[in-house]
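One structure is given below, encoded as structure tokens.
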Amino acid sequence: LLKFPTKDIVRYEEEKGRIRSENFLECGEKVHFLINVLRDQGIRSGDCVVCYTKNSEALIHYYLACGLLQITCLPVTDVFSPHLIKKFIVQSKATGIVTDDDKNKFFADAGIKILPLKILNKSNPDPESRFVDDLERLLAASDVEKPFLLQPTSGSTGVPKLVIRSHQASFRHAK
């Protein structure tokens, strides 16, 4: 991040085939903002947070923030019904859900914190912020053996299940 702040880290394909990129600095600011939102909501290391969206940009920031905070991620999409997602929430003992605004109504009675994705759009980092130091401190404190991802299976046996992946397994897979 410090060596190459303007180097592209992610590219998004938008409608009509346009490509938009995000550099380390831009991505880092958004991830740090999300980390602070999660902290402010009382979500801590060891918790599980569901992310229910098709927004790939939000998912990337969510994965990075959860990874740095040692929070277990449970990404779900419209492939699963809200009823089944509620079962996943109970199974995983999730403490929060990051979701699109139009999906908030499905989870009002789930007994977890609802974090609308529009929160990310309010990201307005302070240029004097020392977010790089905070991100590096979180990365140094990471425990690669902790659960990182709860991955729903296809349900080919009749009932979808959740598979646990550690940080280390995810890093090995990414390489």
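Numerical summary
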item: Any hit, region 22-32, residues being of a type in the set (Asp, Glu) and buried (at least 19 other Cβ atoms within 10 Å of the Cβ); result: yes
item: Within region 54-74, considering residues that are of a type in the set (A, V, I, L, M) and without any contact (Cβ under 8 Å) to a residue 60 or more places away in the chain, the one farthest from residue 23 (Cα to Cα); result: 71
item: Within region 87-113, considering residues that are open to solvent by 70 Å² or more (accessible area, probe 1.4 Å) and touching a helix residue (DSSP H, G or I) at 6+ places or on another chain (Cβ under 8 Å), the one modelled with the highest pLDDT; result: 106
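The values are calculated or read from the model by the stated rules, or taken from the named source; none is laboratory data. Note that this is a predicted model, so its numbers are computed, not measured. Using ideal geometry, Cβ is built from the backbone for each residue, glycine included, and neighbour counts are taken over all protein chains shown. Note: accessible area is taken over every heavy atom of the protein model, side chains too, but ligands, DNA and RNA are not part of it. Shrake-Rupley method; radii C 1.70, N 1.55, O 1.52, S 1.80 Å.
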